Amino acid sequence: LVLAGVIGLNRNAILAWAALNAPRVFSHPIEQKIGFAQTSDGVRIAYATTGQGSPIVNVLGWATHIEGGFNSPLYDAAGLLPMSSAHHLFVRYDGRGFGLSDRDVKDFSLDARVRDLEAVVDALHLDRFGIYAMSAGGPTAIAYVARHPERVNRLVLAMGARRDIA
């Protein structure tokens, strides 16, 4: 009886938790390959790839972790990773100071974040690719496209910041 009362009072929270975690429980695991790239200013950047096909690079904002956040609904609540990996080489990376990338860095400027993206796509030898940028990754993607328009065939900005976060 007490358990029924607790469930009844927390029904929405329990349903939300179940909706966010169901893909992890019932889906097939996705294998990722982890690699490292070196930026022009000497920072080691961790990246992960999943799937095969035409490449899409996911440019996230802050607080990434390609290994620890791989199954987190905070990183993939909408199922972007399995959906994109089904038909594309899907590339994610930890920006400087986060995840598996070098942590002891002081430069988090827009130019530094563009160097991170440049290092990853160069390490993977991507000539042309799409970019899917979320949140604070938007300014990084826009700056990259402005500097290298010949390399990007599509740009999608989702939940972008209203101004540059430098």
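The values are calculated or read from the model by the stated rules, or taken from the named source; none is laboratory data. As the structure is a computational prediction, the values presented were derived from the model and not from experiment. Note that we place each Cβ from the backbone using ideal geometry, even for glycine, and neighbour counts take in every protein chain shown. Just so you know, the surface numbers come from the protein's heavy atoms only, side chains and all, with ligands and any DNA or RNA stripped out. Shrake-Rupley method; radii C 1.70, N 1.55, O 1.52, S 1.80 Å.
Would you mind stating whether Arg44 is modelled with pLDDT of 85 or more, closer than 21 Å to Ala136 by Cα and open to solvent by 60 Å² or more (accessible area, probe 1.4 Å)?
Criteria met by Arg44.
Among the residues of region 145-155, is any open to solvent by less than 50 Å² (accessible area, probe 1.4 Å) and either of a type in the set (Asp, Glu) or under 16 Å from the mean Cα position of the chain (by Cα) (or both)?
no
Of all residues in region 129-144, count the ones that are open to solvent by 30 Å² or more (accessible area, probe 1.4 Å) and free of Cβ contacts under 8 Å to residues at least 60 places away in the same chain.
Going through region 129-144 one residue at a time, the tally reaches 1.
So for region 84-98 (the condition being crowded, with 18+ Cβ neighbours inside 10 Å, of a type in the set (Gly, Ala, Ser) and at pLDDT 95 or above), does at least one residue qualify?
Among the residues of region 84-98, not one is crowded, with 18+ Cβ neighbours inside 10 Å, of a type in the set (Gly, Ala, Ser) and at pLDDT 95 or above, which makes the answer no.
Is it the case, given these coordinates, that Ser101 is under 13 Å from the mean Cα position of the chain (by Cα) and of a type outside the set (Phe, Trp, Tyr)?
It is false that Ser101 is under 13 Å from the mean Cα position of the chain (by Cα) and of a type outside the set (Phe, Trp, Tyr).
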